[in-house]
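Take a look at the structure set out below.
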Amino acid sequence: MEQQIDLNNYEGLCRLDSTGMMDTLAGLPAQCLLAVRDICGSVELPAIEAISNIVVTGLGGSAIGGDLLRVYSAGRIPVPVTVNRDYVLPAFVGPDTLVFAVSYSGNTEETLSAYEEARARGASVIAITTGGKLGEMAAGDDIPLVKIPAGCAPRAATGYLFIPTLVILQRLGMLPDLTVETTAMAGFIKELQEKIGPESPGEENVSKQIAHKLYKKIPVIWGVSGTTEVVAQRWKGQINENAKAPAYWNVFPELNHNEIVGFEYPREILKKIHLIILRDEQDHPRVQKRIEITRDIIKDAVDGITEVWSSGDGDLARLFSLIYTGDYASLYLAALYGIDPGPVKVIDFLKWELAVE
Ligand code: F6R
């Protein structure tokens with residue numbers, strides 16, 4: 001039986017949270033700083049030259065860092081970055097590919113399979129993991145291994161899973177030195193934490209307000225291609241895994257060419273949808289105009305529309321401001337449903353069933 005927690009009751013929020021998701025999230029700024037300053041320091045990189053494409057292979061919480069890299073690097077790195085969430089790699093992967101094999105646990109079978117395939121194709125491979133089989137394989141194969149701290153859920157380790165990819169690309173000369181931007185981003189989200197963290201009261205706390213809007217509704221999150229698309233996907237995953245609730249995402253401008261037509265039937269279900277539109281001042285002016293028009297077209301069909309604007313200076317800060325706001329909202333939504341945000345029993349069950357031969 002669902003027992004809703006008052007979001008202003010800090011002890012109540014923590015009582016449900018058996019794995020300390022709330023504390024881990026508060027530690028995201030520190031995680032980002034550790035990742036930029038220390039984690040890759042001792043990793044020896046071989047001379048990797050003539051890279052013509054980059055692939056990040058991973059799943060779930062370990063893949064989202066790949067999407068962050070893809071979006072962040074699109075205007076900065078002259079080669080494509082592809083995120084692979086599968087057992088197999090695309091045909092273009094070969095000796096001129098740099099593959100980041102990312103698995104927090106190190107035991108995700110799709111990632112292990114893609115790792116082996118990348119090695120067989122002669123790609124330059126770098127593993128990012130806490131250990132597990134991926135850690136063992138990387139050590140055995142003598143390939144660069146970025147060992148990240150264990151002890152939290154993969155989805156709560158975004159700083160550890162994403163920032164090392166930036167640091168490595170920086171060390172390979174494919175990105176400029178990002179220490180200043182990353183440190184500033186960490187400082188900015190630390191300040192933001194005071195506004196959206198559990199101790200900030202509901203009247204002033206955007207994440208708590210969003211959770212109330214999403215409670216007993218179907219969240220649909222819309223971002224923008226090339227910028228907030230990764231955040232929309234992240235919000236969806238966090239609502240699924242933390243709040244154990246459905247959520248869906250899509251991106252402008254593509255959704256203007258199909259999804260927007262689907263807001264007529266069934267009316268009673270559409271009225272259960274709460275739409276979140278992620279906004280960023282850097283989005284293309286024509287896309288901003290599209291968002292304004294779209295909002296007017298569908299506003300009466302759905303329960304409501306909430307716009308959430310990014311904040312902070314620099315692309316990383318703006319992306320992480322939205323990620324942090326959504327991560328907190330998903331934990332508060334879990335509390336409204338009266339459930340423990342940490343365990344993901346369904347994922348564990350599925351992995352366990354697959355492991356039985
Ligand atoms: C759990 C989570 C999942 C995992 C996914 C892959 O918190 O976020 O989406 O990330 O099942 O597992 P790892 O990250 O260990 O490779």
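The values are calculated or read from the model by the stated rules, or taken from the named source; none is laboratory data. This one's a predicted model, so the numbers in the text were calculated from it and none came from an experiment. FYI the Cβ positions are ideal-geometry reconstructions off the backbone, even for glycines, and counts take in every protein chain you see.
Structural remarks
- Top-ranked residue in the range 108-147 [being polar (S, T, N, Q) and outside any loop (DSSP other than H, G, I, E, B); ranked as farthest from the chain's Cα centre (by Cα)]: S124
- Remark: S207 matches the filter, which requires a residue to be hydroxyl-bearing (S, T, Y), more than 21 Å from R70 (Cα to Cα) and in a helix (DSSP H, G or I).
Table: residues versus (1) away from the ligand (no atom under 15 Å from the Cβ); (2) buried (at least 24 other Cβ atoms within 10 Å of the Cβ).
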{"residue": "R15", "(1), (2)": "yes, no"}
{"residue": "M22", "(1), (2)": "no, no"}
{"residue": "A30", "(1), (2)": "yes, no"}
{"residue": "L33", "(1), (2)": "yes, no"}
{"residue": "I39", "(1), (2)": "yes, no"}
{"residue": "L45", "(1), (2)": "yes, no"}
{"residue": "N53", "(1), (2)": "yes, no"}
{"residue": "G60", "(1), (2)": "no, no"}
{"residue": "I64", "(1), (2)": "no, yes"}
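- So S310, is it closer than 24 Å to G27 by Cβ, among the small types (G, A, S) and within 16 Å of the ligand (Cβ to nearest atom): no
- Residues in the range 288-323 that are surrounded by fewer than 15 Cβ atoms within 10 Å (Cβ to Cβ), among the acidic types (D, E) and touching a residue at least 24 places away in the same chain (Cβ under 8 Å): 2 in all.
- Test result for Q238, under 15 Å from the mean Cα position of the chain (by Cα) and polar (S, T, N, Q): yes
- The range 240-357 holds helices (runs of 4 or more DSSP H) entirely within its bounds, and those carrying 3 or more residues that are of a type in the set (G, A, S) map to 315-336.
- Condition met for G151 (within 27 Å of M22 (Cβ to Cβ), within 17 Å of the chain's Cα centre (by Cα) and not in a strand (DSSP E or B)): no
- Some residue of the range 69-79 being within 15 Å of the ligand (Cβ to nearest atom) and either assigned by TED's automatic domain parsing to the domain that holds V36 or small (G, A, S) (or both): no
- Residue in the range 64-84 that is under 28 Å from A317 (Cα atoms), among the aromatic types (F, W, Y) and modelled with pLDDT of 95 or more present: yes
- Meets criteria (away from the ligand (no atom under 11 Å from the Cβ), modelled with pLDDT of 95 or more and of a type in the set (A, V, I, L, M)) for L172: no
- Considering residues of the range 9-40 that are part of a loop (DSSP other than H, G, I, E, B) and farther than 19 Å from A127 by Cα only, the residue farthest from the chain's Cα centre (by Cα): N9
- Selected residue [more than 12 Å from L275 (Cα to Cα), out of contact with any helix residue (DSSP H, G or I) (no Cβ under 6 Å at 6 or more places or on another chain), touching a residue at least 40 places away in the same chain (Cβ under 8 Å) and assigned to a helix (DSSP H, G or I)] from G226, G237: G237
- So G65, is it on the phi > 0 side of the Ramachandran plot and touching a residue at least 60 places away in the same chain (Cβ under 8 Å): no
- The condition of being within 11 Å of the ligand (Cβ to nearest atom) and surrounded by fewer than 19 Cβ atoms within 10 Å (Cβ to Cβ) holds for only one of G151, G131, G122, that being G131.
- Inside the range 80-94, residues that are in a loop (DSSP other than H, G, I, E, B), closer than 22 Å to I163 by Cα and out of contact with any Asp or Glu (no Cβ under 9 Å at 6 or more places or on another chain) make up a count of 1.
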